[in-house]
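Structure, as structure tokens:
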Amino acid sequence: MGEIRESYLAAASSAVALLREPAVAAAWEKPSALTEFSVAGLAAHLAHQIVRVDSLLDDGGPPGAPIPLIEHFTRSPWVQAGLDHESNVGIRRAGEVAAADGPVALAARAGELFDRQRVALPAQPIDKVVYLPWSGWSLRFDDLLLTRLMELVVHSDDLAASVGVETPELPPSVVEPVVELLARLAVHRHGATAVIRTLSRAERAPATISAF
């Protein structure tokens with residue numbers, strides 16, 4: 001099994017464990033660390049990354065030619081849209097709907113899907129390409145996993161901060177691909193000079209180099 005697949009499974013396992021934290025259930029109805037997201041909605045959005053992968057394990061439609069990973073983000077409307085943009089409103093609304101059955105049911109569903117993926121991922125072809133019906137284009141399956149890996153790592157930190165527990169400690173094999181992807185996106189958005197200055201020259205650093 002490829003390294004990115006192992007990294008995804010490690011991050012997904014950690015996310016399932018976080019969803020099972022009593023602190024998540026205790027704060028379920030409270031606001032999260034993300035503006036306009038409840039803890040419930042954020043937890044469901046975290047779990048949804050596992051759902052997305054599962055939906056593509058047995059995809060039946062023929063995919064088109066995959067686009068490059070960075071292009072995937074530049075095409076996605078949510079990346080630089082405001083909180084009130086329909087894409088971000090839809091994400092929050094979907095999270096609340098998915099959380100409707102409560103924290104125990106959400107964690108159980110995520111755990112079931114993860115158990116299935118532990119078996120199914122190694123059997124996926126190394127050159128697998130998948131069509132993303134929610135986007136309208138295709139990606140290499142391993143590129144798709146990298147996008148979900150990033151989401152799992154970022155939103156695990158969001159959820160942990162929201163409920164007052166420590167952010168899960170993840171191995172370098174999980175963290176390093178995420179840092180690299182975010183750095184590539186930051187360079188694409190702000191330019192190499194801005195990123196280099198932020199990392200090496202605080203006195204000349206721009207206000208932000210956020211990837212999103």
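For the reader, a short list of remarks on this structure follows.
- By accessible area, using a 1.4 Å probe on protein heavy atoms only, the range 104-184 has 56% of its surface on carbon and sulfur.
- Its Cα gyration tensor gives the range 157-212 an equivalent ellipsoid; the semi-axes, largest first and in whole Å, are 25, 14, 11.
- 1.4 Å probe accessible area per residue over the chain, in Å²: 51 Å²
- For the range 17-78 versus the range 133-193, the spacing of their alpha-carbon centroids is 11 Å.
- Positive-pole candidate from Q49, H72, L152, dipole of the chain, charges at beta carbon: H72
- Shown here is the pair-distance distribution of the range 1-67: with all Cα-Cα distances grouped in 5 Å bins from zero up to the longest one, the shares run 4, 14, 18, 20, 16, 12, 9, 6, 2, 0 percent.
- Here the average projected area of the convex hull drawn through the C-alpha atoms of the range 116-168 stands at 4.9 nm².
- Between the range 99-121 and the range 1-16, the Cα center-to-center distance that results, in Å: 14 Å
- From the Kirkwood radius over Cα pairs of the chain, Stokes-Einstein at 25 °C and 0.890 mPa s returns a whole-number translational diffusion coefficient of 136 µm²/s.
The values are calculated or read from the model by the stated rules, or taken from the named source; none is laboratory data. None of these values were measured; they are calculated from a predicted model. Please note: Cβ atoms are built from the backbone with ideal geometry, for glycine as well, and neighbour counts cover all protein chains shown. Ligands, DNA and RNA are excluded from the accessible area calculation, which covers all protein heavy atoms including side chains. Shrake-Rupley method; radii C 1.70, N 1.55, O 1.52, S 1.80 Å.
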